[in-house]
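The values are calculated or read from the model by the stated rules, or taken from the named source; none is laboratory data. Since this is a predicted model, take the numbers as computed values, not measurements. Here the Cβ is made from the backbone with ideal geometry for all residues, glycine too, and neighbour counts use every protein chain on show. These area figures cover heavy atoms from the full protein model, side chains too; ligands, DNA and RNA do not enter into them. Shrake-Rupley method; radii C 1.70, N 1.55, O 1.52, S 1.80 Å.
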Amino acid sequence: MREPKSITARRRNSKSLWTFTLFFLGLAQLCQGAEIQGTVTDQSGAVLVEALVTLREISSEIQIEQKTGQDGRYRFNGIGLGSYTLSVAAEQFSEAAKTVVLSSPGQSEEVDFTLRVGSIDAEILVTANRGRRDSLSVPSPTQALREAKLEVLNPTSTGEALTDANGVTPAGSGPYLMRPRLRGLDSTRLLILVDGQRLNHARVATDRAGIEPSLIDPALIDEVEVIGGTGTSLYGSDALTGAINIITRRPKTSDSLRVSGGFDGFFSSNERGRRGSATIGLSGSRFAMSFRGSLERFGDYDAGKDFARDSSLELHETGVLQQRDTVDQLGFNFGAFPDPFNQPFQRTDARVPNSAAHGSNLSFRGFYTLSERQTVNVNWVRRRNADIGFPDFEPPFFFQRISIPASNLDKVSGGWQLRNLGGPLSSLSLNVYHQKHQRLLRNQFPVQFPAPDRQTFFPINVFRLNILSDTGQNVESTGVDAQANFLVSPRNVLTAGFTLYQDDSRDSRTTLSQLNLLGQVDLGSRGPEPTVFPAPLPLGPPAIDHPVRVPDSSLRDMAFFLQDEWEINRLLRVVGSIRFDRYRARSKPTDNYQVDPLIVGAQPPLRAGSLPSLQGESISRNAFTGDIGLVVRPLPQFSLIAHYARSYRHPNLEELFFAGPATVGVIVPNLRVEPETGDNLDLGFKFRTGRFRGSLIYFDNRYDGFISTEITAVGNSGPLSQAVNFSDVRIRGLEGDVETSFQKGHWLISPWARFFYNRGDIQEGINPLTGRSLAATPQDNITPFRSNLGIRLSDRRQRYWVQYSNRYQAEVDRVPQTLLESPFLIAQDLLGLEGFSIHRLGWGVNWHRESFRWGLSFAVENMSDRFYREQFEFAPARGRTLTIGLHIDTF
């Protein structure tokens, strides 16, 4: 019997209604946000009230903060799908962090934290993956020096602050010129960033100089991130051995209109160094801005108490060193007119001459929230440095005096960021900057001639040409960086970017030359008889010239990159990137830039095509680089990492175009020098619990076509050097660190240990002076072993603290063959190979209130007042000194 049509219709309508109901319920569930919640407790199980919980979405970089309630609970609801970093911080306790993936609508994750009493940081870094990531999820070796650590360190300069990181040793010395050397490489082979923007530029001399990090006022630093292993695929040229990102202080918003202020002071007893920095800020719920000004003064510093042992006399007596032109090829003694180069010296005073520096800084930083999704920011810096000396670079320690009368930086930058866009595109950002670096380099040096030989006829007039040269290096850099983050899936974040920067270099030079007659050598009845004038006799007025060593030129890089981060599951994470760069180096016709007079009589003749046309040159190159990294996390607190990357460095403007006299001989351009490339491998593990944190990393870096300025010919003007692809190099080593923190009564005890072992070898290369192979010989600038051990004692709230540390470096026993056989070997090349052990004691107080903080820190550096040189450095290091730091902030 068939049902009536009315019953059938009602059943159909009921079925349709049920279908629509299920559809809308499903749609509602799809639209429903997920949530993360949990409880924060201490080791005893007691809940922690007002612990700060921070949730960061990886793809959009949106950050939400929340404090736990009276029940120790927190809850973030209505959040989208994706990968998140969740971190918890509470006073007296070590920080903790976890990664959470929300992959399905309506998902609810219960993430509890148990915090331990201590001072272990949960390192959240921005540099390694161009966005905030937990260090345990990053396949590269990473380190972070936070503001609190820098305050304890009391650094004299920004350069000194950078050298506290593991694997880093100082290059240069003094309160301004100290630079970092990471894994044996520095200068243009280590990229220095400031807030993710390049501080490096193309007008520096690789292996002889480098960009000075102290262009950044140390009072501006909020934290420093050090990324070992190449960063080429994300940041381009120069990041052969890694990248260091100096992150400056950013003003913070407030619930209501508020005026804030602060003061930072520093004093060092050794060189009577002092620095003062004042800040005033204004903030509201949607904006924040701050203005900062500082002044600093540092005199010549003193070396350690055993300065009397610093002497080159024994090296001359044993024949290891020779002062040039004191004996001719016939054996006649011309010692009455010793050449200034390699003059024997004996240090008679602890004072290190020519080591002072002065500076000032003005800066503004502000940002404004246009909407919940959009922010804009603007930054301005005016840095002035003056009267900067190269320590010990003056007679009798060296034959010339070198100084920097001025080194100035002017920079303006801005950025725009759009977040939480919905759909696959999570965020967009655009950052631009323009900076001017104006540097004046002053050289005062003598040139003595003739050099006696068998063809010299008597009488011989001995002349000395005293040269004073001022070289102005003016570099304007403009950069654009655009980045888009895509949430391909909840476990997959894709970052796409475009970068463009151009360095425009313009040199100016004034040379004042005074020719003097020192005396004569005549052939008497008993041989050569010298006549030394009581004073040098000037021959005519000084000559003034305006030669240019580097023509007006530019280096531009335009690049595109992609980076994919795929959380395959809770155990495995894969990070890979590719990058395409288009480099162009170009020179322009420049008055007083000459090449041909320098190469007259060159033997052997220089390679065809290596010299630039005076009408201008243009060189273009393409580069493809990339990397792949794996992170395996069998436990949330432990990760195994493996990272392989291709590295690349384009020759800079000095290596391509420099033409003119240098410290010894003449340097001529070389357009045929090729880029340096490398294969970089890192393997190791990282771990972090509430009580322990550490890592152990093995690295193996192989570089092809290492560039070095070497003698390639001899001309009428003397030895001719060019930047050439000199050798293939392998540098490998082991880096480790461990830190712990535990409570003993009312005290918090925090010991730590850091070490690194390095070995560098030349794989292929020919010594141009001897023609012998350099294969399997040591690479230069490799410190074989360094350790840092220390212990910190503080009360539980870390208001009062005392800290002891020791830095030990082993003697350099693998000395490069090219150094030992160099005709320009000097005493400092050998004296800078010694090992040493330095002790430091610090103590201080930190006091916090809701809207006020002040801190006072003291330290005795080099407690034993040891005389030593940082390895491979010309001047001795600073002796014992008392440093005092003062920090005051109102919120």
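Overview of values
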quantity: In the stretch 420-439, residue surrounded by the most Cβ atoms within 10 Å (Cβ to Cβ) [restricted to those that are over 20 Å from LEU362 (Cβ atoms) and free of Cβ contacts under 8 Å to residues at least 60 places away in the same chain]; calculated: SER429
quantity: Selection from the stretch 334-375 of residues that are more than 30 Å from PHE287 (Cα to Cα) and small (Gly, Ala, Ser); calculated: GLY335, ALA336, ALA350, SER355, ALA356, ALA357, GLY359
quantity: Of the criteria (1) β-branched (Val, Ile, Thr); (2) out of contact with any helix residue (DSSP H, G or I) (no Cβ under 9 Å at 6 or more places or on another chain); (3) open to solvent by less than 10 Å² (accessible area, probe 1.4 Å); (4) within 21 Å of LEU150 (Cα to Cα), which one ILE246 fails; calculated: (2)
quantity: Within the stretch 778-798, tally of residues that are surrounded by 17 or more Cβ atoms within 10 Å (Cβ to Cβ) and part of a loop (DSSP other than H, G, I, E, B); calculated: 7
quantity: Set ARG275, ARG297: member being in a strand (DSSP E or B), out of contact with any helix residue (DSSP H, G or I) (no Cβ under 9 Å at 6 or more places or on another chain), modelled with pLDDT of 95 or more and within 30 Å of PHE397 (Cα to Cα); calculated: ARG297
quantity: Close pairs (6 angstrom Cβ cut-off, 6 or more residues apart or separate chains): closer than 18 Å to SER294 by Cα and in contact (Cβ under 8 Å) with a residue 12 or more places away in the chain in the stretch 344-369, open to solvent by less than 20 Å² (accessible area, probe 1.4 Å) and in a loop (DSSP other than H, G, I, E, B) anywhere; calculated: ASN361/ASP217
quantity: Among the candidates THR41, THR54, residue that is part of a strand (DSSP E or B) and free of Cβ contacts under 8 Å to residues at least 60 places away in the same chain; calculated: THR54
quantity: Single residue of ALA202, ALA144, ALA128 found to be of a type outside the set (Phe, Trp, Tyr), touching an Asp or Glu at 6+ places or on another chain (Cβ under 9 Å) and over 29 Å from LEU683 (Cβ atoms); calculated: ALA202
quantity: Candidates SER407, SER427 - the one that is at pLDDT below 95, within 29 Å of the chain's Cα centre (by Cα) and farther than 30 Å from HIS316 by Cβ; calculated: SER427
quantity: Subset of the stretch 400-419 [part of a loop (DSSP other than H, G, I, E, B) and surrounded by fewer than 16 Cβ atoms within 10 Å (Cβ to Cβ)]; calculated: none
quantity: Checking ALA775 against (1) at pLDDT 95 or above; (2) of a type in the set (A, V, I, L, M, F, W, C); (3) surrounded by fewer than 16 Cβ atoms within 10 Å (Cβ to Cβ), the condition it does not meet; calculated: (1)
quantity: Residue in the stretch 643-655 that is farthest from GLY684 (Cα to Cα), counting only those that are touching an Asp or Glu at 6+ places or on another chain (Cβ under 8 Å) and outside any strand (DSSP E or B); calculated: LEU653
quantity: Residue match in the stretch 633-647 (condition: under 19 Å from ALA723 (Cβ atoms), open to solvent by less than 60 Å² (accessible area, probe 1.4 Å) and out of contact with any Leu (no Cβ under 8 Å at 6 or more places or on another chain)); calculated: no
quantity: Scan of the stretch 381-399 for residues that are open to solvent by less than 50 Å² (accessible area, probe 1.4 Å) and among the basic types (Lys, Arg), ordered by number; calculated: ARG383
quantity: Single residue of TRP847, TRP801, TRP843 found to be open to solvent by less than 20 Å² (accessible area, probe 1.4 Å), farther than 23 Å from PHE756 by Cα and among the aromatic types (Phe, Trp, Tyr); calculated: TRP801
quantity: Looking only at the stretch 168-226, and only at residues there that are closer than 26 Å to ASP392 by Cβ and β-branched (Val, Ile, Thr), the one that is surrounded by the most Cβ atoms within 10 Å (Cβ to Cβ); calculated: THR188
quantity: Number of the exception - ALA608 against (1) part of a loop (DSSP other than H, G, I, E, B); (2) touching a residue at least 12 places away in the same chain (Cβ under 8 Å); calculated: (2)
quantity: Lone unmet requirement of (1) assigned to a strand (DSSP E or B); (2) open to solvent by less than 20 Å² (accessible area, probe 1.4 Å) for ASN670; calculated: (1)
quantity: Search result, residues across the stretch 805-838 that are in a strand (DSSP E or B) and surrounded by fewer than 17 Cβ atoms within 10 Å (Cβ to Cβ); calculated: ASN806, TYR808, SER837
quantity: Failed item in (1) open to solvent by less than 20 Å² (accessible area, probe 1.4 Å); (2) touching a helix residue (DSSP H, G or I) at 6+ places or on another chain (Cβ under 8 Å); (3) closer than 30 Å to LEU774 by Cα, with SER717 passing the rest; calculated: (1)
quantity: Options SER857, SER837, SER794; residue that is in contact with an Asp or Glu (Cβ under 7 Å, 6 or more places away or on another chain) and of a type in the set (S, T, N, Q); calculated: SER857
quantity: Tally, over the stretch 615-626, of residues that are surrounded by 17 or more Cβ atoms within 10 Å (Cβ to Cβ) and not β-branched (Val, Ile, Thr); calculated: 3
quantity: Any pair with Cβ under 9 angstrom, 6 or more apart, that starts in the stretch 624-638 at a residue that is touching a residue at least 12 places away in the same chain (Cβ under 8 Å) and part of a strand (DSSP E or B) and ends at one that is basic (Lys, Arg) and surrounded by fewer than 16 Cβ atoms within 10 Å (Cβ to Cβ); calculated: ARG633/ARG570
quantity: Pick from the stretch 64-86, criterion part of a strand (DSSP E or B) and of a type in the set (Gly, Ala, Ser), ranking: surrounded by the most Cβ atoms within 10 Å (Cβ to Cβ); calculated: SER83
quantity: Residue check for GLY106: farther than 30 Å from SER750 by Cα and out of contact with any Asp or Glu (no Cβ under 8 Å at 6 or more places or on another chain); calculated: yes
quantity: Residues being more than 30 Å from ASP728 (Cα to Cα) and in a strand (DSSP E or B) - total across the stretch 680-700; calculated: 6
quantity: Residue within the stretch 701-712 that is touching a residue at least 12 places away in the same chain (Cβ under 8 Å), part of a strand (DSSP E or B), open to solvent by 50 Å² or more (accessible area, probe 1.4 Å) and of a type in the set (A, V, I, L, M) present; calculated: no
quantity: Residues satisfying the stated conditions in the stretch 839-868, i.e. outside any strand (DSSP E or B) and either closer than 29 Å to ARG796 by Cα or modelled with pLDDT under 95 (or both); calculated: GLU850, SER851, ASN862, MET863
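Residues are listed down the side, and each one gets a yes or a no for (1) under 26 Å from the mean Cα position of the chain (by Cα); (2) open to solvent by less than 30 Å² (accessible area, probe 1.4 Å):
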| site | (1), (2) |
| --- | --- |
| PHE687 | yes, no |
| SER721 | no, yes |
| ASP728 | yes, no |
| GLN743 | no, no |
| GLN763 | no, no |
